[in-house]
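A quick write-up on the structure given underneath.
The values are calculated or read from the model by the stated rules, or taken from the named source; none is laboratory data. Since the structure is predicted, the reported quantities are computational estimates derived from the model, not experimental observations. Glycine gets a Cβ as well: all are built from the backbone with ideal geometry, and neighbour counts include every protein chain shown. Accessible surface areas use protein heavy atoms only, side chains included; no ligands, DNA or RNA. Shrake-Rupley method; radii C 1.70, N 1.55, O 1.52, S 1.80 Å.
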Amino acid sequence: MKVTIVDPRWAHKVETWFRDRGGEIVKDEHSRTIWRASGIYIKRYPPSVFRDRAKREARMLQSLAKEGIPCPRLVATARDHLGTYVITEEITE
């Protein structure tokens, strides 16, 4: 497992989720699975030889944020034998 923490405030919650794999499954499809757990969303894309969809999404989120466009805040990215992950902060109003 390789995890890259972008926002250290969420490191403990990310590490806890990867250890316990808890939370509520929000979406489960062949193209991705999304969990909600303790103020974060975890999106897993299946493994791909040719592309890393999580890294691509993470770069897009960073670009949007840099331009001041409202979007979910990137917390971390990760990769393991099950796929690639993009973890974002839950948006609260």
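See the values below:
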{"read-out": "Given the chain, longest segment not containing exposed loop trypsin sites (Lys or Arg not before Pro) (DSSP; at most 12 other Cβ within 10 Å)", "value": "52-93"}
{"read-out": "Segment 30-93 - accessible surface per residue (Å², probe 1.4 Å)", "value": "63 Å²"}
{"read-out": "Average Cα contact separation per residue, the chain, under 8 Å, 6 or more apart, as relative contact order %", "value": "32 percent"}
{"read-out": "Full-extension gain in nm, Leu82 to Ala11, via 0.36 nm per residue minus C-alpha separation", "value": "23.5 nm"}
{"read-out": "Whole-percent carbon and sulfur share, accessible surface of the chain, 1.4 Å", "value": "52 percent"}
{"read-out": "Value at 222 nm in deg cm²/dmol, rounded to 500, when DSSP H runs of n ≥ 4 in the chain each add -39,500 (n - 2.57)", "value": "-8000 deg cm²/dmol"}
{"read-out": "Radius of gyration, Dmax [the chain; alpha carbons; angstrom]", "value": "12.6, 38"}
{"read-out": "Gain on full stretching of the segment that runs from Ile69 to Val26 - 0.36 nm per residue minus C-alpha separation", "value": "13.0 nm"}
{"read-out": "Sparse-neighbourhood loop sites, GluC sites (Glu not before Pro) in segment 1-81 - DSSP loop, at most 12 other Cβ within 10 angstrom", "value": "Glu29, Glu67"}
